[in-house]
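Below is one structure, written out as structure tokens; comments come after it.
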Amino acid sequence: MAKVAARYRRDADDDDEEDGGAVAMLAGTMTMGRALVCLVLELPDEETTPEDVIEAKKAERESVIARLVDLNLEIDQLVNFAGDKLFLLLSLPEERILQEAEARQVKVRINEEKYGGALCKFRRQLFEEEAFAKTTDECEACSALSSLQLLELTHSVVTMEPFDDGSGDAQAFDPQRLVDEGKILAYFYLHYDRSRLKLLENWVISYLSPQPLEDIRDYFGEKIALFYTWVGFYNTMLWIPALCGLVLFCSQMYTYSSMSGSLENPFILVYGIVLSLWASCFCQLWMALENTRKHEWDTLDFENDEKVREEFMESNEVIRDEVLNDVTGDPEEYYYPDGSWLPPTGRARKQLITYVVIGLVNAISIFVSFFIWADMSRPLMEPGNVIMGGIIGGVASAAVSIIIDSLMDGVPELEHKGIMAVLVEGELWKTDTEHQDNIILKTFYFKLVTKYFGLTLVAFAVNLTPVMGEDRPCPDWQCMPVLQVMYVTIIVCELLYSLFQSQGIPALKKAISNLSVVPDKVGGPKVAKSPIEDQFEWFDPSPVIEMYKDKVYQFGYIVLFAAAFPIVPMLCLVSNTFDLRQRAMTLLTKNKRPEPFVAADIGTYQTILEILATLAIISNSLLIGLTSHGLYFYIPDLTQIDRIWAVVVLEHFLLLMKIVIGAVIPTEPAKAILTYSVQQERKDQQLALWDVAFEEE
């Protein structure tokens, strides 16, 4: 086990490594002060490593440290007691912080009480006037800047382009390249303990308290804060179908036990309508909240100012400085043609490959769904007894969905990259927003089939069409009981897998990692790790777009099929409440600090939610009119043709209501827009009084 780190300061020309004694013991309980970036170097064992290897490693270390010193960084060095790792803790001098914040036009909030609270580009003059509000974490280095902004400034200095002396040999310090080459062990961002402990207390432990979204934004950035805003809003809105579903489920249990022996109920009709309208309201209200956040966090122009992806710039297929911009007439620094579909050229050719793969995956998924019904599930069913067949069908369908999703999507917790990520990477999208939107949308094209086709087949198709060449309808032509069992089985499997993925896999990785650690000597003193060593061993966090997936497709399960088993939204709500805080705990105590990103919206996930809300109208209309017998409680003499007409009428009514909801609920928040305008006006007036002028966004 690694021992307590020895903490000491080294000058640029000091090559001696000292044991700090009492200072080392103190360091075991210290945080890293202002340092927010850590670089880890290897220290070979002098007793077992050849002399030439030791000298080569020493030269590499000295070269790395010299490069960092040349960047005018403050460097603290920690050596663990095992003596195999050197931790370089990087920070900026206070004067350099002010220079970089002004040069890079960091946005900070001006004092709300005095000047309105708008976000404004950093200026030393304004800082000296104490015009800026203090951030929520109040870093020691500069109270106007959050630890996240200091982290970004430090990283930008570490990776900044060096001055070109004309030799052409000047190269930026690239930590990831050095990791890939084996010259350094790791480069990662450090947690800031003051803010982290505050979030643990006010966010993770406080299950029933509102999320401190402004604190989350200050610590993790807009992208993660927007995710937790969306999840919090989703959980809040989920109370409506959860409570309505609980009441309906209790009614079903009463009629099942005392009267009919069936879960059929006249209020299934009402609940299906509620689900459809709720889905449309959810999408509209979320867009309004999302636009409110755009104004509050001033991300309105983010996508216009977004940087080009490094992978795009480094690709050999990208054309440089040859193609003229259609608007400005200037040469495009980086360009890749969209191409044409016939004949396939450029990006279109690569997208065509992606769509072919998606088509093959969907064909396999559909075939497997037919096989599960025909050969695994249906043979185990008989009239009045569909539970075992439904459970087998549900488990098999969930397993197939999880396997295909893992292959196509990957498993971030296992650092497994999926096929879809590789295919979209090859399409060479220019910005992160374009790249991620395409991953999200193309993932939806196959998830729509892998997740929902099995239930759709049972609910609407097996009574009407042959399966695997034979007629295999539901027992007594009653598909609602089968759908209910399969649906709740799939939901439980999905919830358990999501829990295993977010909590079980990291726990297993930690346990396996501990097996490789040499145990302490029996009877010897307990060896503690420094906070830096702990964070070095923590796992990289999942990408933010991965965090949305479970909840977005859970939304689909609820709005499409919850009318069949109305207790499901309550199960999801309970699971989500637990999962939200556990994910937050993992993010703060088991993951390295994630790379900060800005985001103005949830991207193509909004499109997916809209599609699912529209499909919910079709699905619920069919469930109410054809699969369920709930209409017979109102009109006992319905014929099959009457039921089809009922589906058509209900579907058109719900589509009309969706249009009305879209017109009635505004997505442009008038209050937020007015507040933003007033803030900008007050800011401009105050800047004029201070005689501060710079180009605004």
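Read-outs throughout are calculated quantities, based only on the coordinates presented, and are distinct from any laboratory measurement. Given the structure is predicted, the values throughout are model-derived calculations rather than measurements. Neighbour counts run over all protein chains shown; Cβ positions are idealised from the backbone, glycine included.
Secondary-structure-derived ellipticity at 222 nm for the chain, considering helices only, amounts to -17500 deg cm²/dmol, per-run term -39500 (n - 2.57) for DSSP H runs with n ≥ 4.
Placing unit charges on each Cβ (+1 for Lys and Arg, -1 for Asp and Glu) gives the chain a dipole about its Cα centre, and among Thr489, His629, Thr443 the Cα reaching farthest toward its positive end belongs to His629.
Counted residue by residue at 0.36 nm each, then reduced by the alpha carbon distance between them, the extension gain from Arg104 to Ile419 reaches 109.7 nm.
Cross-link pairs exceeding 25 Å in C-alpha to C-alpha distance, out of Lys430/Lys590; Lys223/Lys442; Lys307/Lys350; Lys417/Lys551; Lys85/Lys590, comprise Lys430/Lys590. Here, the chain is characterised by an Rg to Rh ratio of 1.01, where Rg is the alpha-carbon radius of gyration and Rh the Kirkwood radius. Between Ala511 and Leu655, how high is the FRET efficiency from 1/(1 + (r/R0)^6) when r is the Cβ-Cβ distance and R₀ = 41 Å? Nearest 0.05. After rounding to 0.05, the efficiency reads 0.20. Within a Cβ distance under 14 Å of Asn463, other residues only, what is the Lys/Arg minus Asp/Glu net charge? Net of charged neighbours comes to 0. Taking every full run of DSSP H in the chain, the ones that stretch at least 20 Å from end to end by Cα along their long axis and average 0.5 or higher on the Kyte-Doolittle scale are 222-258, 268-296, 346-371, 387-409, 480-499, 544-561, 568-589, 605-622, 640-664.
The ranking of Arg349, Arg309 by Cβ neighbour count inside 10 Å, starting from the fewest, reads Arg349, Arg309. Look at Met480, Met570 and count the other Cβ atoms within 10 Å of each Cβ; fewest to most, that gives Met570, Met480. The ranking of Leu448, Leu92 from fewest to most other beta carbons within 10 Å of each one's beta carbon is Leu448, Leu92.
Take the Cβ-Cβ distance between Glu94 and Asp193 as r, set R0 to 22 Å, and report the resulting FRET efficiency rounded to the nearest 0.05. Given R0 = 22 Å and the Cβ-Cβ separation, E is 0.65.
Fully extending the segment from Val270 to Asn325 would add 14.3 nm, taking 0.36 nm per residue of separation and subtracting the current Cα-Cα distance. With R₀ fixed at 35 Å, the C-beta to C-beta distance from Asp540 to Cys250 puts the FRET efficiency at about 0.20.
Computed over Cα pairs, the Kirkwood radius of the stretch 624-666 leads via Stokes-Einstein (0.890 mPa s, 25 °C) to a diffusion coefficient of 212 µm² per second. Derived from the Cα gyration tensor, the three semi-axes of the equivalent ellipsoid of the stretch 266-335 are 45, 17, 11 Å, largest first. Start at zero, step by 10 Å, and the Cα-Cα distances of the stretch 302-460 spread as 9, 29, 26, 17, 11, 6, 2, 0 percent across the bins.
Taking the charge dipole of the chain about its Cα centre, with +1 at Lys and Arg Cβ atoms and -1 at Asp and Glu Cβ atoms, the residue from Met388, Ser369, Tyr115 reaching farthest to the positive side is Met388.
Under a Cβ-Cβ cut-off of 13 Å, what is the net charge of the residues other than Arg177 that fall near it, where Lys and Arg count +1 and Asp and Glu count -1? Display every interim value, and only then the final one.
On the way: positive: Arg67, Lys183; negative: Asp174, Asp180, Glu181, Glu310, Glu314.
Taking every other residue near Arg177 into account, the sum is -3.
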